[in-house]
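These notes concern the structure reproduced below.
Coordinate-derived values only; no laboratory data. Please read these numbers as outputs of a predicted model, since none were measured by experiment. Neighbour counts are summed over all protein chains in view; Cβ atoms, including those assigned to glycine, are modelled from backbone coordinates with ideal geometry.
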2 protein chains.
Amino acid sequence: MTHVRPPVSALRDDPHYLACVADLLGVLAYGELVAFERLAADAAMAPTFSDKTELAYRATLEFSSFLRLRDRLSELGLDADTVMEPFREPLDSYHSHTAPGDWLEGLMKVYVGDGISSDFYREIAHYVDSETSSLVLEVCDARNGDFVVERIRSAIEQDPRVAGRLALWGRRLVGEALTQAQRVAADRDGISTLLVGGADRPGADLAELGRMFARLTDDHTKRMQALGLAA
Amino acid sequence: MTHVRPPVSALRDDPHYLACVADLLGVLAYGELVAFERLAADAAMAPTFSDKTELAYRATLEFSSFLRLRDRLSELGLDADTVMEPFREPLDSYHSHTAPGDWLEGLMKVYVGDGISSDFYREIAHYVDSETSSLVLEVCDARNGDFVVERIRSAIEQDPRVAGRLALWGRRLVGEALTQAQRVAADRDGISTLLVGGADRPGADLAELGRMFARLTDDHTKRMQALGLAA
C-alpha cells in the first residue's frame with residue numbers, strides 16, 4: 001500500500017481531517033442505532049425462543065457499539081445528533097427498501113448487509129489514524145453475522161426452493177446498499193476523502209481502489225457460497 | 001401482614017413451591033423479552049435521536065433482566081423456554097391489543113403498563129423466599145418508566161387536546177392488562193397460589209387481597225395524576 005496513516009494529532013490539528021472522521025463515525029453510529037432497531041424487529045419475528053434471544057442479544061451489542069461511537073464523538077467535541085443527521089435519510093431508505101418479508105430474509109440481511117458494510121469500513125480503517133481505526137475495527141468485529149449461516153443452510157436443506165428466493169434477495173440487498181452508498185458519496189465527500197486522500201495526504205490510487213472493490217465483491221461471493229447460494 | 005415468607009430451602013424441598021416460582025419467573029422473563037421488542041419498536045418511532053437513544057437504552061435494560069431471569073431459571077434446574085411458553089399467548093395478546101398508534105401512546109404504555117405490572121410483582125415479592133424476592137424487585141426496579149412523565153406533560157402543554165385521548169388510552173391499557181391477568185390466573189394457578197398460600201403455608205387473606213388491589217389502583221391513579229390525567 002502506498003498510503004500513510006494520518007497521525008492521531010490530525011484529529012486536533014486538522015479540522016478538515018476531523019470533519020472526515022466525523023462523517024465516518026456518524027454513518028457508523030447511525031448505522032448501529034438502526035441495526036439495533038432492525039435486529040430487535042427481527043427478534044420479534046423469530047420462530048423460537050432461542051432464535052429470539054440470539055437476535056435480541058445481537059441487537060444489544062449493536063446498541064453498545066452505538067454508545068461507544070457516541071462517546072467518542074463527544075470526546076472529539078462533536079455532537080452525535082448533528083453528525084448522524086446527514087446519514088439518516090439514506091440509511092432509512094436502505095432499510096425501508098429492504099424490509100425483510102420473513103425471518104429468513106431478515107437473517108440474510110444481517111449476514112449480507114452487515115458483512116459487506118463491515119468489510120467496507122475495515123478497508124477505510126487502513127486510511128485513518130490509529131485511534132479511529134481501532135474503534136472502527138472494534139465496531140465491525142461486534143457485528144459478526146456468522147451465526148446465521150447454519151440457520152439458513154438448514155432452512156435450504158428442508159426446502160431447497162428457498163435457495164432461489166434467497167439468492168435473489170442477496171442480490172437485491174447488495175444493489176440497494178450500493179445505490180445508497182453512491183448517494184452518500186455524492187452528497188458527503190468526508191468518507192471518500194479519507195479513502196482517496198487530500199492535498200497533503202496521499203490516499204488510495206485507482207489501482208488500489210480497484211483491488212479494494214474486488215476484495216469486497218470476492219468476500220460477498222464467499223459469504224453467499226457459505227450459505228450454498230450463488231452471488 | 002399475616003403471611004410468612006417461605007424459606008429459600010423450599011425451592012429445593014418443595015416441588016410444588018418451585019413450580020409456582022417457575023410460573024412467576026416465567027411470566028416475568030417472557031414479559032422482559034417482549035418489553036425489549038416493544039421498546040425497540042417504540043425507539044424506531046421516536047421523534048429525536050435523544051428519545052431514540054433513551055428508549056433503545058431502556059430496551060437493553062429489559063433484555064439484561066431477561067438474561068438474569070433465564071440464568072436464575074437455569075440455576076433452579078428449569079428450562080426457560082418451557083417455563084415461558086404458557087405466558088406467550090396472553091402476553092402477545094396484551095401487546096397486540098394495545099399496539100400504540102404513535103410515539104406518545106407508546107410512552108404511556110411503558111409508564112402505565114410497566115407501572116401497574118411492576119407494582120403487582122412487587123406485591124407478590126412479599127410472599128416468596130428472599131432470593132426470589134430480591135430478583136423480582138431488582139427486575140422491577142430496572143423497569144422504571146418515570147422518564148416519560150416530563151415528555152408526556154410537555155406534549156399535553158403543547159396541545160391540550162392530547163390529554164383526553166391519552167386518558168382514554170390509559171384506561172384501555174389497564175383494562176386489557178386486567179383481562180389478560182385474569183386469563184393467566186384462570187389457566188395457571190402458580191402465581192395466585194404464591195399469593196393466597198397453600199395447605200402448609202398461609203398466604204394473603206381476603207382483606208389483605210382487598211388492600212393490595214386498592215394499593216394497585218391508588219398507585220395507578222397517582223401515575224395518571226403525575227401526567228396531569230384522570231385515571
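Run the numbers on chain A and let me know its relative contact order in percent, using alpha-carbon pairs under 8 Å that are six or more apart. Numbers along the way, then the final one.
Working: 244 pairs, mean separation 66.1, N = 231.
Relative contact order here is 29 percent.
Identify the residues of the range B:96-128 with backbone N under 17 Å of a label point that sits 7 angstrom from the Cα of B:GLN158 along the Cα-to-Cβ direction, or state none.
So the set is B:101-108.
What is the spin-label model distance, in nm, from A:ASP218 to A:SER64 if the labels are put 7 Å beyond Cα along the C-beta direction?
3.2 nm
Could you tell me how many degrees, from 0 to 90 and to the nearest 10, lie between the Cα long axis of helix B:130-141 and the main elongation axis, the longest principal axis, of the Cα atoms of chain B?
Once rounded, the angle reads 10 degrees.
Restricting to DSSP H runs of at least four residues, report the calculated mean residue ellipticity at 222 nm for chain A, -39500 (n - 2.57) per run over all residues, nearest 500 deg cm²/dmol.
Calculated mean residue ellipticity at 222 nm is -25500 deg cm²/dmol.
So, in Å, what gap is there between the alpha-carbon centers of the range B:138-167 and the range B:168-201?
Computed from Cα coordinates, the inter-centre distance equals 25 Å.
Which of the lysines could a cross-linker bridge to B:LYS109, judged by Cα under 20 Å and excluding same-chain residues fewer than eight apart?
Of all the lysines, those that pass the test against B:LYS109 - Cα under 20 Å, at least 8 places apart if same chain - are B:LYS52, B:LYS222.
Calculate the translational D of chain B in whole µm² s⁻¹ from Stokes-Einstein, where the hydrodynamic radius comes from the Kirkwood formula applied to all Cα pairs, the temperature is 20 °C and the viscosity 1.002 mPa s.
Answer, rounded: 117 µm²/s.
So, in nm, how far is label B:SER93 from label B:SER130 when the simple model puts each one 7 Å beyond its Cα toward the Cβ?
The modelled label-to-label distance comes out at 3.9 nm.
Can you tell me the Rg and Dmax of the protein assembly as shown, counting just the alpha carbons, in angstroms?
According to the Cα coordinates of the protein assembly as shown, Rg and Dmax are 25.5, 85 Å.
Arrange the following residues from fewest to most other Cβ atoms within 10 Å of their Cβ: B:PHE213, A:PHE147. Could you put the intermediate results ahead of the total?
Details: B:PHE213 11, A:PHE147 15.
Going from sparsest to densest Cβ surroundings: B:PHE213, A:PHE147.
If you stretched the chain out fully between A:GLU138 and A:VAL4, how much longer would it get, using 0.36 nm times the residue separation minus the C-alpha to C-alpha distance?
Gain in length upon complete extension: 46.1 nm.
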